[in-house]
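Asker: Okay, here's the structure, questions in a sec.
Computed from the coordinates by the stated procedures, all read-outs in this text should not be read as laboratory data. It should be emphasised that the depicted structure is a prediction, and the values quoted were computed from it without experimental measurement. We place every Cβ from the backbone using ideal geometry, glycine too, and count neighbours over all the protein chains shown.
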């Protein structure tokens, strides 16, 4: 496993749509492992492949219950909504102040994806997991949380 460099807002690659994974091979497994290590080292909750310079539909998330690996994730259903406060490893601090934003996200989501073994899995998420799933899947579409934020805040407020 290796740490990968995290792309920062302004990098054109973060605005591109990721391609589906056609074959789960050693490169994809290594990507998953590197992403999990990079996310953990950066104290993140989630990381999408474009954030480490790979335009593939691959996401890792850890909201405290262990790493969830998702290949070709799709949001199948959502319910409700709630206002969340989000940050992003690809949106760095400004003048030392962490950039966050208020975003309206679903209260509950159902996501289908493949795991590292090519098996179809379903993940239901509420609260932080729902937010992380939506946030990371947005990255695969070239969308950052700042695009959806109804208000930008920083940690000085």
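Asker: Which shape class, rounded, prolate or oblate, goes with the chain when its Cα gyration tensor gives a ≥ b ≥ c as root eigenvalues, a/c under 1.5 marks rounded, and past that a/b bigger than b/c marks prolate? Walk me through the intermediate numbers first.
Answerer: Values: a/c = 1.73, a/b = 1.24, b/c = 1.40.
Note, shape of the chain comes out oblate.
Asker: Please compute the length gained on full extension between residue 120 and residue 16, using 0.36 nm multiplied by the number of residues separating them and subtracting their Cα-Cα distance. Could you put the intermediate results ahead of the total?
Answerer: On the way: separation 104, 0.36 × 104 = 37.44 nm, distance 2.53 nm.
Gain on stretching residue 120 to residue 16: 34.9 nm.
Asker: Indicate the gyration tensor shape class of region 21-81 (rounded, prolate or oblate), computed on the Cα atoms with a ≥ b ≥ c the square roots of the eigenvalues: a/c under 1.5 is rounded; otherwise a/b larger than b/c is prolate and the rest oblate. Before the final figure, lay out each step's value.
Answerer: Values: a/c = 1.93, a/b = 1.17, b/c = 1.65.
Judged from the Cα gyration tensor, region 21-81 comes out oblate (a/c at least 1.5, b/c at or above a/b).
Asker: Sticking with this structure for a sec: In deg cm²/dmol and to the nearest 500, what is the mean residue ellipticity at 222 nm of the chain if only DSSP H runs of at least 4 residues count, each as -39500 (n - 2.57), divided by the residue total?
Answerer: Working: 3 runs with 34 residues, N = 157.
Helix contribution divided over all residues of the chain: -6500 deg cm²/dmol.
Asker: Pull out the extension gain between residue 26 and residue 112, defined as 0.36 nm times the separation in residues minus the alpha carbon to alpha carbon distance; nm, one decimal. Intermediate values should be presented prior to the final figure.
Answerer: Details: separation 86, 0.36 × 86 = 30.96 nm, distance 2.20 nm.
Extra length from residue 26 to residue 112 when fully extended: 28.8 nm.
Asker: Determine, for each peptide in 51-60, 32-41, the mean count of other beta carbons within 10 angstrom over its residues, then list the peptides with the highest first. Provide the component values of the computation, followed by the final result.
Answerer: Values: 51-60: 22.5, 32-41: 18.9.
The most tightly packed comes first, giving 51-60, 32-41.
Asker: What is the Cα centroid distance between region 1-80 and region 95-157, reported in whole angstrom?
Answerer: Between the Cα centres of region 1-80 and region 95-157 lies a distance of 12 Å.
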